[in-house]
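Q: Let me give you the structure first, and then I'll get to my questions.
Each value in this text was obtained by applying a stated rule to the coordinates, not by laboratory testing. Predicted model, so just to flag it, every value in this text is computed and none were measured. Reconstructed Cβ throughout: ideal geometry from the backbone, glycine too, with neighbour counts over all protein chains shown.
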Amino acid sequence: MIPDEIASTIISPWAYSDGKKVDDAFTWLRREMPLEQAQPEGFDPFWVVTRHADILEVERQNDLFHNGDRSAVLTTIEADKQVRAMMGGSPHLVRSLVQMDNPDHFNYRKLTQGAFLPQNLKALEARIREIARAAVNRMAEMGGRCDFARDVAFLYPLHVVMEVIGVPESDEPRMLKLTQELFGSQDPDLNRSGAEVTDAKAGVDTVQSVVLDFMTYFNAMTDDRRANPRNDLASIIANGKINGEPLGYLEAMSYYIIAATAGHDTTSSTTAGAFWALAENPEQFRKVKENPALIAGLIEESIRWVTPVKHFMRTATADAELAGKKIAKGDWLMLSYPSGNRDEAVFKDPFKFDVTRSPNKHVAFGYGAHICLGQHLARMEMRVLWEELFARLESFELDGEPKSMVANFVCGPKAVPVRYKMN
Amino acid sequence: MSGEPFKVWQCRTCGYIYDEAAGDPVEGLAPGTRWSEIPADWICPMCGTPKADFDMIEL
């Protein structure tokens, strides 16, 4: 069993906010207990999968390790009970691709998969470039100082993804706030209560109230797109059929919610984290500035560096062996992506930010059937932003201490104050 | 065979593109490596999908 101190660190939202604490804990685990069970107070026991190769092995076998049988996100015993009581026995407040297994996962993913293929995203590039230029122009008008997270990184992917979904620009602030309240539900700076969450019931109630607000919004959008279909993702979800039937209410609402939250928040975190890392490693910025062909390397390295999705849970559907350990049917496993992306067996100098790193086979998008649907869009958004920004950015540096969100699921920087010179 | 135009294959799961002309040197596939020359047990380098679950596409 993993020692209590380590177990409590790797689930602590504050440890992820600190960064180093969680990195140190996972470094210790990879060396001493790369696949072992943890049972922090208030939680059912779960295996902690820390090595890159073991994460791939679990993700590859999506029939043996299910997403939906238990909560797909680490949750306390009390919170799990409360969700099941609310949801008729289901451990999930929403039912998106993340909570599905086959055959539903395949069928629901197929509905929108085509829209996110690289060849089909090319049609969006010109419009994404306009949005990126506007973001860079706004940054230039801010007089050489800004919070890059708040003023650029949160807003640009939000605008792109909301256009893809079909959410009007006037509703973007609402979508951003709801997203931050959802993923930042443990962060007093971002959550709905404005206070530290210490009670499981209050925590679940808060998350559920955010989910209900999303559902109210997207239910109206479904009605609109059924009556007036457009060329947007909302119309695909609203009018889509699975086995000849419209999507169920929970599944449709969950589809919108995952697109409207993870669809931009993860890219925002990675963009903000990249800028933070470049500010701390100015020689890396010079390399990319002088050779824009390195932007592709910057993107992969910043996705590895930030790893905005900190974990997903899987449940074994049968007895299995993994890395020499006996996993029993029904066991719960935490896939630690930040740990996999710092695995010394795969990445040389894993704690060095290196835009020339090659190969860079990070697991930040996952692996196997559940690999991130929006990964190609995320890469395109970042490429276009960096192309536009670096053409005008001459120099920059930190202008205060950056801060990261207090969260243990989906998170990244929440403030990256910078001073800069642009042409 | 060598006179045939190069083709492009795509993973059905993640959208990874294998272009015979470019190959994938990071994966040990030199430019010009034909799809038929890649072993049957090869898997998608991005997501692990088997070779059999790739489609030939026009770009």
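Q: Using a/c under 1.5 as the rounded threshold, could you call the protein assembly as shown rounded, prolate or oblate? The axes a ≥ b ≥ c are square roots of the C-alpha gyration tensor eigenvalues, and prolate needs a/b larger than b/c, oblate otherwise.
A: rounded
Q: Taking every residue in A:60-66, how many Cβ atoms of other protein chains lie within 10 Å of its Cβ, on average?
A: The mean count of partner-chain Cβ atoms within 10 Å per residue comes to 1.
Q: Measuring from label point to label point, each 7 Å out along Cα→Cβ, what is the residue A:77 to residue A:110 span in nm?
A: According to this spin-label approximation, the distance is 4.2 nm.
Q: Can you tell me how the stretch A:361-423 classifies by the Cα gyration tensor, rounded, prolate or oblate, using a/c under 1.5 as the rounded cut?
A: The shape class here is oblate.
Q: OK, next. Go ahead and run the numbers for FRET between residue A:60 and residue A:280, Cβ-Cβ distance against an R0 of 45 Å, rounding to 0.05.
A: For residue A:60 and residue A:280, the calculated efficiency is 0.80.
Q: Over all residues in B:6-15, what is the mean tally of Cβ atoms on other chains that come within 10 Å of each residue's Cβ?
A: 4
Q: In what sequence, highest mean first, do A:379-386, A:108-115 appear when ranked by Cβ atoms within 10 angstrom?
A: Most protected by this proxy first, the peptides run A:379-386, A:108-115.
Q: Counting only helical runs of four or more DSSP H residues, what would the 222 nm mean residue ellipticity of chain A come to if each run contributes -39,500 (n - 2.57) and the total is spread over all its residues?
A: -15000 deg cm²/dmol, from helical runs alone.
Q: Based on alpha-carbon centroids, what's the gap between the stretch A:344-423 and the stretch A:1-76 in Å, whole number please?
A: Result: 23 Å between the Cα centres.
Q: List the residues, sorted by chain then number, that are 5 or more residues from residue A:336 or on another chain and whose placed amide H is less than 5 Å from its amide H.
A: The list, which skips near neighbours in sequence, is A:49.
Q: Looking only at other chains, what is the average number of their beta-carbon atoms within 10 angstrom of each beta-carbon in A:371-384?
A: 2
Q: Over 18 Å between C-alpha atoms is what I'm after, so list which of A:287/A:352; A:348/B:51; A:361/A:403; A:289/A:361; A:21/A:287 land there.
A: A:348/B:51; A:361/A:403; A:289/A:361; A:21/A:287
Q: How many nm separate the modelled label positions at residue B:59 and residue A:138, each set 7 Å beyond the Cα in the direction of the Cβ?
A: The two pseudo-label positions are separated by 3.3 nm.
Q: Rounded to the nearest 0.05, what FRET efficiency do residue A:212 and residue A:397 have when you use their Cβ-Cβ distance and R0 = 45 Å? Please list the in-between numbers first.
A: Values: r = 43 Å, r/R0 = 0.95.
Working from the Cβ atoms, E equals 0.55.
Q: Between residue B:52 and residue A:32, what is the spin-label point distance in nm, taking each point 7 Å from the Cα along the Cα→C-beta axis?
A: 4.5 nm
Q: For chain A, calculate the relative contact order in percent as a whole number, restricting contacts to Cα pairs under 8 Å that are 6 or more residues apart.
A: 26 percent
Q: Okay, next question. So if each residue of separation counts as 0.36 nm, and I subtract the Cα-Cα distance between residue A:230 and residue A:205, what length gain in nm does that give?
A: Additional length available on full extension: 5.5 nm.
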